[in-house]
Amino acid sequence: MKLIQISVFLENRKGRLHDVCSLLGNHDINIRALTIAESPEFGILRMVVDKPKDAVDILKRKGFIAKLTDIVAVEVDDRPGGLAHILQILYDNSINVEYMYGFVEKFSDKALLVFRFDSPDKAILVLKKNKINLVGAKHLGKI
Amino acid sequence: MEIYYRDKSIETIDRISLKKLQLEKLRKTIDNALKTRFYKERLKKAGVKSGRDIKSMADLEKIPFTTKDDLRGCYTDGLLSVNMDEVIRLHTSSGTTGIPTVIYHTRSDLDNWTELVARSIIATGANKKDIFQNMMTYGLFTGGLGLHYGAERVGMTVIPVGGGNTKRQMQLMKDFKTTVIHITPSYMLHIYSKLEECGFSLNDFNLKKAYMGAEPYSENTRKKIERLFNIDAYNSYGLSEMNGPGVAFECVYKTGMHAWEDAYIMEIIDPKTGRTLPEEMEGEIVFTTLDRRATPILRYRTRDQAFVYKGLCKCKRTHRRLSRITGRTDDMLIINGVNVFPSQIEEVIMRIPEVGNNYQVQLEKEGALDKLIVKVEIYSKKKGYRYEGKNIAPRPELPASKDYAARDSGSNFVSQNLGGILWQSN
Amino acid sequence: MIWNKEMECMDLENLKNIQSERLKKTAEYVYKNSPFYKKKMDQKGVHPDDIKSIDDIVKLPVTIKEDMRDCYPFKLFSAPLKEVSEIHVSSGTTGNFTVVGYSREDIRLWAEVMARALACAGAEPGDMIQIAYGYGLFTGGLGFHYGAMEMGLTIIPVSSGQTKRQLKLMNDFKPKILACTPSYCLYMAEEAREIGMDPRKSSWQIGSFGAEPWSESMRKEIESTWDMTATDVYGLSEITGPGVAHECAYKKGLHIFSDVFYPEVIDPKTLKSVKKGETGELVITTLNKKGMPLLRYGTRDVVSINYERCACGRTSPRISKILGRTDDMIIVRGINVFPSQIEHVLLSIEGIKPHYQLVVDRRAGELDELEVVVEVEEKIFSDEMKSLRALEEKIKKEIGSTLGIFAKVKLVEPKTIERSEGKAKRVIDKRAL
């Protein structure tokens, strides 16, 4: 149930984000979720796309530094306390969240969040046991 | 064991002659002190008009104590007893905030100080063949220059590294086959813990002795260091008000630090009553300078607690032995060899506009080194200063300062506000 | 005042005799005591007996920075270690340190020339000096300290940094003389204004500034900002540290104490002497040292020499301000930095390729800032901010512990560092001196 995320190293200068997005766009790759971690000098662009392997190839050919990372996409009830419920489960099972962000669009009545865990396999087991819906690559491709 | 003396006659002088010598010097010191603005008034009040009023060492009690606050009150020249053109050096305590203290030295003062340090070095069995790496910070902090001059007087080869930069310290110890170092115990342990990471092993070194001071530590720590490095570690005691290092130092027997009583009168007092305590009783150490011309200080309360060992040392030196420092009578902290008062930290952080009212100072060990963590609440414009539980007076409005920022940072500009040694890297 | 009138004002003929005498002795001494120089002289086919006057100096071999590195740690010493009283090291071009060993006499000599230098600046016995050069292995602090002690000044040994404390001490003790880098002096003015202190009302009347190149316009700025006289000091640790040369009140070049440090100016390409007064690399021979005398040491500093008698009465020749370098060394906050040192550090960190650039800048009223720009490689890229931050920290720390300097680290995308003819431009110096 793990998904693949692409991380790209970006300098903090004008137009770099646009460069990446238009490059992917020109190759018909769709960005489903995206976030930027930033420092004063550089940023790390993290995204979930429909064709991650192709995307990385294209980016690397253009000289970008890019990496693939396992993440988990979790459906969260779109109501007050929805996220807290999931975090409680993780906390009870001593699973650390390295970072998280939301998908651009909704796939159902639930919100969809990307999680990077310190131990993704354990997290998947625990969340499934607690009847939390995870979204796999196939599913993601369909919608 | 072979015992070496720098000046055997004075180091093994019989106690009666020593007391006589002290009395003579004390009288001169009082006459000299009467030339200062501060003691002129202070001694007059106490009814001491000249050195002749001191008939015997028992009369020492007639002389009032001098405190750190007195020294601060004398800043800058209240304790100066000579013309400025005779002064060739001055050392001030740290204090960008608050009032610092200053000690002036004439050429003969520096000469005497150097001689005491040289005597201390010889007492540990070191000599001119030794390669001496000085890891104490140079500058206004007396630890660096004090040992530097003493080692030079002994004729050692001096490598004046100063503090910090662990990897370079190790490289130099290896390349120059350093035999003696001057260091704080926590930094010594830090070096040990970083050996492998820096690519060295103990076999690379030729170390024989370590002089350790500037911070309190236990006998166990000494033993541990001696075992780990297979060296002899000697306790060193000194404070800038009494010149710096070279006030008391251990000899090869390492059973207490010989206080050089021809240069200082040492008393241990009950901090509450001010009464002198007998040997082996713990109390506050009080010193009187006997050889210093530019800044004589009488009965200075060090706020350091210790006791004096009973009996004669096997080395035959008659100068009494001071125990390691067991505590303080105030709230001063010693962080990696730097003296820090919580009030200093408060002054610094309270000048930063972004800081709210509450703060907490936490001292932790990071490996072998002390780590000071200052937790502050962030000032919020909307909420004003946050009060958490305690009722704290509103933050005083101080002019904004930029000294706190890391602007000036960089290895050549370390230790922004607190002075002294802050290990700069590794 | 002139500290050593006899030597500093000696007529040139007599001076030449003394220089000749001392050179002969030095050549004999190093030939006898230093295997390094014996070999060098033998290779060049020159024997101490061939040295009859100072003019024969050109027969002697030249010593270069690389010799310092190759001789690490003791091979350049002429005195046995037990006679060495003090050792100073600085970071070398790569790897090994540059070492200098001083005998007891050398320390005395250093104190003497520094006292001469301070007198050039205008100091008189009894004056008070604030020494804000770093103390320790860096020769700036202790060199001034020894000289001031020799002269009988009152020393405030502050060492570098802690600007507020520097200003407070100046205010409280009113020292007449300040010794620090010129850029730090200007930096302190900014700080002074910020705490409501008027720099023009400071007690400093004389400054002895050095350890980094500076210009006439900077001198004017310092003098008008602080209302003080700013003079230039020259020295390098290989020769002794500060005290090799110093400007007098006329500020028309730096008097080099040529009875002790004999200067030549050569063409760095041909190694031949240039014509009198022409510009070239300064080469110095120590004439009086015992611990580690150097023959014809190439300083890589570009200067010219003026041999005319100065209006101050000193006959010792004057070197110009440093006009440039014959290598790629840069000086940042008074610390010598070679790009090769940085490269060495970067290559010691796993996964980093030597694609880097050094950017030095000095904003108005600020101190020098060194930024090391490093291209990120796939191997070291992580999607976690903390790993990249840790990498930056590691680079900073390694540079700090190797060079003793604080550098900012900037990670950039691959192939973004400007390359000319395939070779990256290593240093961008944006400072206007």
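The values are calculated or read from the model by the stated rules, or taken from the named source; none is laboratory data. This structure is a prediction, so every number in the text was calculated from the model and none was measured. Ideal geometry is used to build each Cβ from the backbone, glycine not excepted, and the neighbour counts take in all protein chains shown.
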**OP:** Test B:A233 against the criterion of being part of a strand (DSSP E or B) and over 29 Å from B:V102 (Cβ atoms), and give yes or no.
**Re:** yes
**OP:** For segment A:42-50, indicate whether the set of residues that are surrounded by fewer than 17 Cβ atoms within 10 Å (Cβ to Cβ) and either closer than 23 Å to A:L90 by Cβ or among the charged types (D, E, K, R) (or both) is non-empty.
**Re:** yes
Original post:
Is it the case that some residue within segment B:176-185 is over 30 Å from C:K164 (Cβ atoms), of a type in the set (A, V, I, L, M), part of a strand (DSSP E or B) and modelled with pLDDT of 95 or more?
Top reply: yes
Original post:
Could you count how many residues in segment C:305-345 are hydroxyl-bearing (S, T, Y) and either over 17 Å from the mean Cα position of the chain (by Cα) or in a strand (DSSP E or B) (or both)?
Top reply: 4
Original post:
With (1) touching a Pro at 6+ places or on another chain (Cβ under 8 Å); (2) at pLDDT below 95; (3) surrounded by 21 or more Cβ atoms within 10 Å (Cβ to Cβ) as the list, and C:L282 as the residue in question, which single condition is left unmet?
Top reply: (2)
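Which members of segment A:78-116 meet the condition of being of a type in the set (D, E, K, R) and more than 15 Å from A:N133 (Cβ to Cβ)?
Of everything in segment A:78-116, those that are of a type in the set (D, E, K, R) and more than 15 Å from A:N133 (Cβ to Cβ) turn out to be A:D92, A:E98, A:E105, A:R116.
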Original post:
In segment A:1-37, how many residues are within 16 Å of the chain's Cα centre (by Cα) and not in a helix (DSSP H, G or I)?
Top reply: 18
Original post:
Going by the structure shown, is B:T142 surrounded by fewer than 20 Cβ atoms within 10 Å (Cβ to Cβ) and among the hydroxyl-bearing types (S, T, Y)?
Top reply: no
Original post:
Looking at segment C:360-433, what strands (runs of 3 or more DSSP E) fall wholly within it and have at least 2 residues that are within 14 Å of chain B (Cβ to nearest Cβ)?
Top reply: C:369-375, C:407-412
**OP:** Residues being in a helix (DSSP H, G or I), within 11 Å of another protein chain (Cβ to nearest Cβ) and farther than 20 Å from B:G163 by Cβ: count how many of those fall in segment C:115-147.
**Re:** 1
**OP:** Looking for whichever is surrounded by 15 or more Cβ atoms within 10 Å (Cβ to Cβ), polar (S, T, N, Q) and closer than 20 Å to C:T416 by Cβ here; the options are A:S7, A:S39. Which one fits?
**Re:** A:S7
Original post:
Within the set of pairs 6 or more residues apart or between chains, which connect a residue that is within 14 Å of chain B (Cβ to nearest Cβ) inside segment C:326-337 to a residue that is surrounded by fewer than 17 Cβ atoms within 10 Å (Cβ to Cβ) with Cβ atoms less than 6 Å apart?
Top reply: none
Original post:
Which of the strands (runs of 3 or more DSSP E) contained wholly in segment B:290-344 include at least 2 residues that are closer than 26 Å to B:V87 by Cα and in the same structural domain as B:I183 (by TED's automatic domain parsing)?
Top reply: B:300-306
Subject >> From B:E366, B:E267, B:E354, B:E347, residue being assigned by TED's automatic domain parsing to the domain that holds B:Y217 and of a type in the set (D, E, K, R) >> reply: B:E267
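Please determine, by comparing only the residues of segment A:98-143 that are away from every other protein chain (no Cβ under 14 Å) and among the hydroxyl-bearing types (S, T, Y), which one is farthest from the chain's Cα centre (by Cα).
A:S108
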**OP:** For segment C:93-114, name all the residues that are closer than 23 Å to C:L347 by Cβ and part of a strand (DSSP E or B).
**Re:** C:F97, C:T98
Original post:
For segment A:81-98, how many residues are surrounded by fewer than 13 Cβ atoms within 10 Å (Cβ to Cβ) and either closer than 21 Å to A:D121 by Cβ or of a type in the set (A, V, I, L, M) (or both)?
Top reply: 6
Subject >> Among residues of segment B:83-136, those that are under 26 Å from C:Q166 (Cβ atoms) and within 11 Å of chain C (Cβ to nearest Cβ), counted >> reply: 27
Original post:
Is one or more of the residues making up segment C:387-396 over 26 Å from A:K60 (Cβ atoms) and not assigned by TED's automatic domain parsing to the domain that holds C:S215?
Top reply: yes
Subject >> Selected residue [on the phi < 0 side of the Ramachandran plot, assigned by TED's automatic domain parsing to the domain that holds C:S237 and not in a loop (DSSP other than H, G, I, E, B)] from C:S160, C:S90 >> reply: C:S90
Original post:
Residues in segment B:52-61: is at least one buried (at least 18 other Cβ atoms within 10 Å of the Cβ) and in contact (Cβ under 8 Å) with a residue 40 or more places away in the chain?
Top reply: yes
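Rundown of residues vs (1) at pLDDT 95 or above; (2) aromatic (F, W, Y); (3) surrounded by fewer than 19 Cβ atoms within 10 Å (Cβ to Cβ); (4) in contact with a Pro (Cβ under 7 Å, 6 or more places away or on another chain), yes/no style:
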{"residue": "C:Q19", "(1), (2), (3), (4)": "yes, no, no, no"}
{"residue": "C:L23", "(1), (2), (3), (4)": "yes, no, no, no"}
{"residue": "C:Y29", "(1), (2), (3), (4)": "yes, yes, yes, yes"}
{"residue": "C:P61", "(1), (2), (3), (4)": "yes, no, yes, no"}
Original post:
Restricting to segment B:263-272, what's the tally of residues that are buried (at least 19 other Cβ atoms within 10 Å of the Cβ) and either at positive phi or not in a strand (DSSP E or B) (or both)?
Top reply: 1
Subject >> Test set (1) within 11 Å of chain C (Cβ to nearest Cβ); (2) touching a Cys at 6+ places or on another chain (Cβ under 9 Å) - A:L34 fails condition number >> reply: (1)
Original post:
Counting only residues that are in a loop (DSSP other than H, G, I, E, B) and among the aliphatic types (A, V, I, L, M), how many does segment C:294-304 have?
Top reply: 2
Original post:
Can you name the residue in segment C:163-192 that is over 14 Å from C:Y133 (Cβ atoms) and among the small types (G, A, S) and, of all such residues, is nearest to the other protein chains (Cβ to nearest Cβ)?
Top reply: C:A192
Original post:
For B:R351, are the conditions met, namely being within 18 Å of the chain's Cα centre (by Cα) and among the basic types (K, R)?
Top reply: no
Original post:
Could we say that C:S183 is surrounded by 21 or more Cβ atoms within 10 Å (Cβ to Cβ) and free of Cβ contacts under 8 Å to residues at least 60 places away in the same chain here?
Top reply: no
Original post:
Here are B:I103, B:I181, B:I121, B:I99: which of them is assigned by TED's automatic domain parsing to the domain that holds B:D291, surrounded by fewer than 23 Cβ atoms within 10 Å (Cβ to Cβ) and closer than 29 Å to B:D370 by Cβ?
Top reply: B:I99
**OP:** Determine the pairs where a residue that is small (G, A, S), located within segment C:34-55, has a partner that is surrounded by 13 or more Cβ atoms within 10 Å (Cβ to Cβ) with Cβ atoms under 7 Å apart, the partner being 6 or more residues away or on another chain.
**Re:** C:S34/C:L76; C:S34/C:S78; C:S53/C:S20
**OP:** Could you check B:T66 against (1) touching a Lys or Arg at 6+ places or on another chain (Cβ under 9 Å); (2) over 21 Å from B:H319 (Cα atoms); (3) among the hydroxyl-bearing types (S, T, Y); (4) in the same structural domain as B:T318 (by TED's automatic domain parsing) and say which number it fails?
**Re:** (4)
